[in-house]
Amino acid sequence: TTAAARNNDTLTRHVVYPFANANFLAVNPPICIEGGDGVYVSDGPGAHYLDGQAGLWNVNVGHGRPEIKQAIIEQLDRLSFYSTFGNTTNSPSVALADELCRLAEPEGMVRTFFSSGGSEANEAAIKLAKQYWRLAGQPLRTKIISLRGAYHGVTLGALSAGGVNVYKEQFTPLLPGFFQVETPHVYRNPFTSDPEALGRLCAELLEREIIYQGPDSVAAFMAEPVQGAGGVIVPPANFWPLLREVCDRHGVLLIADEVVTGFGRSGSMFGSRAWGVKPDIMVFAKGINSGYIPLGATLINAKVAAAFQSDDKSQFTPRAFMHGNTYAGHPLACAAAIANLRIVEQEELPANAGKVGAYLLARLKDIQKRHPNMGDVRGKGLMIGIELVADPETKRPFDLAENFGQRIWERCVAKGILIRNLADTFIISPPLTFTTEHADKIADTFDEAISAVE
Ligand code: PMP
């Protein structure tokens, strides 16, 4: 029945899918997910799958949570939508802003700007940083530095900050004033195999770029605490603390894109907290409400917030943040987020992600010993990547036309697990409610699938 569902060409007839070649999809139609319950999803009357990707690293508390459903229904009974453009607002967004600033109080966050998703939340972060420097006085800083391999979203600002070329090259010229520096990728770098030395070196490369650009021209540096779509690149433990020092030395704002790492995924409430670092701006989406309704949030600390404070009494003064989206702070999304964050805290999901993630990583590293094509197994919390290589010595990737990863993925699906194959790097990012039994199912199935394809 799974095959029947997947052969259904109605799934591709009238749809343009993101990031996928139409010819490929005509032969390999997407799995149409019709139902979800906890850590399982189903394609209607077809198969059930263990959800090893949590939607798109976002359904942190699992599918079909009655607490979230109830919160949405109650809010729907009261009010489905009203905008938050300042002359009006809605109470769930106000309550959620309080909640977010309470959770990120150790990081020093004092205000929240809402949007409708991760790209928008990053766009807001970039604009907040730029406007911050307009307001903070001269010299005017406008440049944004980020990392190669970064994924910050698809809007033109977020895309310009991104560091994965395949997402960018069709849309050049992108925005001026964006620059990328080397990411500390322990498995693939030409410098050193010593993680600590690599962390130091990459922080130094950032500092050199800031100096080269002219420190007085750099508004902000932005990065993910663990790179997600770049292939789960976990930086060495010294990298983020050193980043903070470099930014401080040159007065550069530090933006943490916590769209994936926020609310537990990397084993701490926030990815930057896991590294012991306090950013100036924090960006959230996805796990903020486990994807029940789209939502993004950009948090700022007291230093950034102060620039937007003034004694002016009229609405459109230069100290108003001149940016906003209709659905920002949607009441249904915010009500869902409040219920979601309560679950994250009560069920101690960050700690569970740390525990189950470490267990799964250890299992996969053990399996790796028997499979030379598993070039690298890496991760933090429930963000795990398995990079396949054709040759473990040279780390040469497979020719994608060989479909090595695709065939492993198909066997995983046939055996009832859903994980993501991103150009031969498998990404495992399940709900944070995963148990070690679920982790075993993922590990055993992957082992079986790669053995068969080998
Ligand atoms: N930042 C990161 C780190 C992401 O992983 C993503 C989405 N995968 C985004 C931003 C963009 O979020 P959205 O797709 O909701 O626009």
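Nothing in this text is a laboratory measurement; each read-out follows from the coordinates by a stated rule. All values derive from a computational prediction rather than experimental measurement. Positions of Cβ are generated from backbone atoms using ideal geometry, with glycine treated the same way; all protein chains shown enter the neighbour counts.
Sorted from fewest to most neighbouring beta carbons within 10 Å, what does the list Leu174, Leu341 look like? Spell out each step's value before the answer.
Values: Leu174 15, Leu341 24.
Final ranking by Cβ density, sparse to dense: Leu174, Leu341.
Distance between the C-alpha centers of segment 23-42 and segment 327-361? Whole Å please.
23 Å
Taking a temperature of 37 °C and a viscosity of 0.692 mPa s, what whole-number D in µm²/s does Stokes-Einstein yield for segment 274-382 with Rh from Kirkwood over alpha carbon pairs?
Translational diffusion coefficient: 184 µm²/s.
Provide Rg and Dmax in Å for segment 326-454, with only Cα atoms included in the calculation.
According to the Cα coordinates of segment 326-454, Rg and Dmax are 17.2, 53 Å.
Obtain the nm distance between the two label points defined at Arg407 and Ile33 by a simple spin-label model: each point lies 7 Å from its Cα along the Cα-to-C-beta direction.
About 2.8 nm separates the two model spin labels.
To the nearest 20 debye, what is the magnitude of the charge dipole of segment 68-346 about its Cα centre, counting +1 on the Cβ of each Lys and Arg and -1 on the Cβ of each Asp and Glu?
Roughly 280 debye for segment 68-346.
Pairs to check: Lys168/Lys286; Lys303/Lys355; Lys69/Lys303; Lys286/Lys395; Lys143/Lys395; Lys168/Lys355. Give those whose C-alpha atoms are more than 28 Å from each other in this structure. Numbers along the way, then the final one.
On the way: Lys168/Lys286 22 Å; Lys303/Lys355 35 Å; Lys69/Lys303 37 Å; Lys286/Lys395 33 Å; Lys143/Lys395 35 Å; Lys168/Lys355 36 Å.
Among Lys168/Lys286; Lys303/Lys355; Lys69/Lys303; Lys286/Lys395; Lys143/Lys395; Lys168/Lys355, the Cα-Cα distance tops 28 Å for Lys303/Lys355; Lys69/Lys303; Lys286/Lys395; Lys143/Lys395; Lys168/Lys355.
Starting from the amide H of Ser290, placed 1.01 Å from N in the peptide plane, find each other amide H under 5 Å away whose residue is 5 or more places distant or on another chain.
Excluding prolines and chain starts, which carry no amide H, the hits are Asn60.
May I ask for the distance between the Cα centers of segment 372-445 and segment 289-316, given as a whole number of Å?
A separation of 38 Å, based on Cα centres.
So how far apart, in nm, are the two label points at Asp391 and Thr172 if each is 7 Å from Cα heading toward Cβ?
The two pseudo-label positions are separated by 2.9 nm.
What three numbers, in Å, describe the spread of the alpha carbons of segment 392-454 along their principal axes, ordered from the longest?
For segment 392-454, the Cα spread along each principal axis is 36, 20, 19 Å.
Please arrange Phe404, Phe434 by counting, for each residue, the other beta carbons lying within 10 Å of its beta carbon, fewest first.
Least to most surrounded, the residues fall as Phe404, Phe434.
Once each part is reduced to its C-alpha centroid, what is the distance from segment 215-288 to segment 121-173 in angstrom?
Cα centroid to Cα centroid, the span is 14 Å.
Can you give the local net charge around Met374? Use residues other than it whose beta-carbon is closer than 13 angstrom to its beta-carbon, Lys and Arg +1, Asp and Glu -1.
Residues near Met374 contribute -1 overall.
What number, in nm² with one decimal, is the all-direction average of the projected area of the convex hull of the alpha-carbon atoms of segment 353-398?
If I average the Cα hull's projected area over directions, I get 2.9 nm².
Remind me, relative contact order of segment 102-254 in percent, using alpha carbon pairs under 8 angstrom and six or more residues apart?
24 percent
If amide hydrogens are placed 1.01 Å from N in the peptide plane, which non-local residues have theirs closer than 5 Å to the one on Gly35?
Under 5 Å from the amide H of Gly35 lie the amide H atoms of Ser42, Gly44, each far enough along the sequence or on another chain.
Please sort 412-421, 290-299 by packing, taking for each peptide the average over its residues of neighbouring beta carbons within 10 angstrom, highest first.
The most tightly packed comes first, giving 290-299, 412-421.
Using alpha-carbon pairs under 8 Å, 6+ residues apart, how would you state the relative contact order of the chain in percent?
Taking the mean separation of contacting Cα pairs over the length of the chain, I get 20 percent.
Which one of Phe179, Phe308, Ile386 is farthest out on the positive end of the charge dipole of the chain, using unit charges on Cβ (Lys, Arg +1; Asp, Glu -1) and the Cα centre as origin?
Result: Phe308.
Using Cβ contacts closer than 10 Å as the measure, can you line up Met269, Met374, Met282 from fewest to most? Write out the running numbers ahead of the final one.
Details: Met269 24, Met374 21, Met282 31.
Arranged by neighbour count, lowest to highest, Met269, Met374, Met282 become Met374, Met269, Met282.
Please list the non-local residues whose amide H lies under 5 Å from the amide H of Asn301, H modeled 1.01 Å from N, same-chain partners needing a gap of 5 or more.
So Asn301 has HN proximity to Val110.
Using a 7 Å offset from the Cα along the Cα-to-Cβ direction at both Arg249 and Arg370, what is the distance between the two label points in nm, to one decimal?
Each label point is offset 7 Å from its Cα along the Cβ direction, giving 4.8 nm.
Could you go through segment 234-250 in sequence order and give the Karplus-derived ³J(HN,Hα) for each residue, using 6.51 cos²θ - 1.76 cosθ + 1.60 with θ = phi - 60°, rounded to whole Hz, and x for Gly and Pro?
These are the phi-based 3J(HN,Hα) values: 8, x, x, 4, 7, 5, 5, x, 5, 4, 4, 5, 4, 4, 4, 4, 10 Hz.
Which loop trypsin sites (Lys or Arg not before Pro) in segment 344-387, with loop taken from DSSP, have no more than 14 other Cβ atoms within 10 angstrom of their Cβ?
Answer by residue number: Lys369, Arg370.
Would you mind checking the radius of gyration and Dmax of segment 68-346 based on alpha-carbon positions, in Å?
Final numbers for Rg and Dmax: 18.5, 59 Å.
Report ³J(HN,Hα) in whole Hz for each residue of segment 171-180, in order, from the Karplus equation J = 6.51 cos²θ - 1.76 cosθ + 1.60 where θ = phi - 60°; Gly and Pro get x.
10, 6, x, 8, 6, x, x, 10, 9, 10
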